[in-house]
Every structure is written in C-alpha cells, then in structure tokens.
Amino acid sequence: MEKAAENVDAGAAAQLQLQLKLFGSWASSYTHRVQLAMRLKGLAFEYAEEDLGNKSDALLRHNPVYKKVPVLVHDGRSLAESVIILQYLDDAFPASRQLLPADAFDRAVARFWCHFGDDKLGPAVGAVFASTGEEQEAAVRQVHENLALIEAELREGAFKGRRFFGGDELSCLDIMHVCETGIFVGFNGLMSEKLTLCSSYQRVDH
C-alpha cells in the first residue's frame, strides 16, 4: 500500500509539473531567472517565446497589468514578476530543491536582497544602457556603488564565509545575480564606460 501511494504521489507530481507554462524572451534576464530556477528544481514546463515588439494575445491576457515577461501559468492561473514566481515555485513544489532558506530570518534577508537587486541594481544597470557620455559615467558609478554593497555583504555580512548566497548550493539570490552578470558581460563591449564586477560578486558567475 505504501509503495502504491508513492507511485500515485509521483504521478500526481508529474501531472502537476506538466501544467506549467512559461512565457518569456531570450533577451530577458528576468525570464532566465525563472528558467534556471525551474531547471534546478527539476520541473518540466512548456516554454513560449515572446516577440516583445509584437506581444501575443495570450501574454496580454495572462499579464494585463504589466504586459511583460516572464509570466508563469500553472493549471490555468497566471503569475507575473520573476521574484514572485521563484518564491511561488518553492511554495507550490515543496518536495523539490528549495531556493529560499528554511529559517524565517534568513529567508527575510534573502528577500531583502532580492528586492535590492530589482529596486536598486537593476534600474541602475538599465540607466547605463539608456545613456551616453557623462550621464552614462554617472550611471556606471551608481552600479559600482550598488555592487560594493553586495561585496560588503558577501565579505562581512549575512553571507560571509559562504560558497554561494544560499550556502553550499545555488539559491534564489544566486540565480538573480548570475543572470545579471550575464547582462554585464554581454553589453560591456557596446559601451565606452565599462562595468566592473566586484571580486566576491564574480564568484557566483563561475
């Protein structure tokens, strides 16, 4: 009976995974976050590539508020915003590899730095790519200041002595910042003012 129950549970989990569909774009680091997370968790999903210049009716239907990727559809219900999706995947699939710490305080700290990435670092990087000359130089300085804060946290703060932000394994924070470093590397050749990754920050990219 116990073996039969295990088989039923495994079958139900597989069926649940097959109901996952991700709308994304190859050019979106936010999409890459969700793709990487789902692969680390071993979740099967359908992927729909979006043309961001001609968004599909399905994307607009599933994300009528922001009208952007990524969007995760699970059993007909949709979620937007990459960090929210990553947190949901932990809650919806507790038997899979967890991306956030089990400890409540550590989990709150991780969420704080996730918010920092999207609220401070991401917009600063966007400003670099959207500007030129002195404005771009100022934007690059802002990026470096934000990276220095992460550097300090890695060296002396909550993440001191860890191989990754999450400890010995990749976590939600590592996923976010690995995807960000890909943008730095990809676009540095296009700019006169270079972005330089801090030494500890580079560890999550190797």
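The values are calculated or read from the model by the stated rules, or taken from the named source; none is laboratory data. These numbers were taken from a predicted model, which means no experiment stands behind them. With ideal geometry, Cβ positions are generated from the backbone for all residues, glycine too; neighbour counts draw on all protein chains shown.
Structure summary
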item	result
Yes/no for Ala130 being crowded, with 20+ Cβ neighbours inside 10 Å, modelled with pLDDT under 90 and more than 20 Å from Gly24 (Cβ to Cβ)	no
Condition broken by Tyr88, with the remaining ones in (1) assigned to a helix (DSSP H, G or I); (2) in the same structural domain as Leu20 (by TED's automatic domain parsing); (3) surrounded by 17 or more Cβ atoms within 10 Å (Cβ to Cβ) satisfied	(3)
Pick from segment 134-153, criterion more than 21 Å from His177 (Cβ to Cβ) and at pLDDT below 90, ranking: surrounded by the fewest Cβ atoms within 10 Å (Cβ to Cβ)	Glu137
Matching residues, segment 94-113, being part of a loop (DSSP other than H, G, I, E, B) and touching a helix residue (DSSP H, G or I) at 6+ places or on another chain (Cβ under 8 Å)	Ala95, Ser96, Arg97, Gln98, Leu99, Leu100, Pro101
Subset of segment 14-67 [touching a helix residue (DSSP H, G or I) at 6+ places or on another chain (Cβ under 8 Å), free of Cβ contacts under 8 Å to residues at least 60 places away in the same chain and more than 18 Å from Arg97 (Cβ to Cβ)]	Phe23, Gly24, Ser25, Thr31, Tyr47, Ala48, Glu50, Lys67
Looking only at segment 60-74, and only at residues there that are of a type in the set (A, V, I, L, M, F, W, C) and under 19 Å from the mean Cα position of the chain (by Cα), the one that is surrounded by the most Cβ atoms within 10 Å (Cβ to Cβ)	Val71
Filter pass, Ser82 being of a type in the set (Gly, Ala, Ser) and more than 12 Å from the chain's Cα centre (by Cα)	no
Asp57 farther than 25 Å from Phe116 by Cβ, at pLDDT below 95, surrounded by fewer than 18 Cβ atoms within 10 Å (Cβ to Cβ) and of a type outside the set (A, V, I, L, M, F, W, C)	no
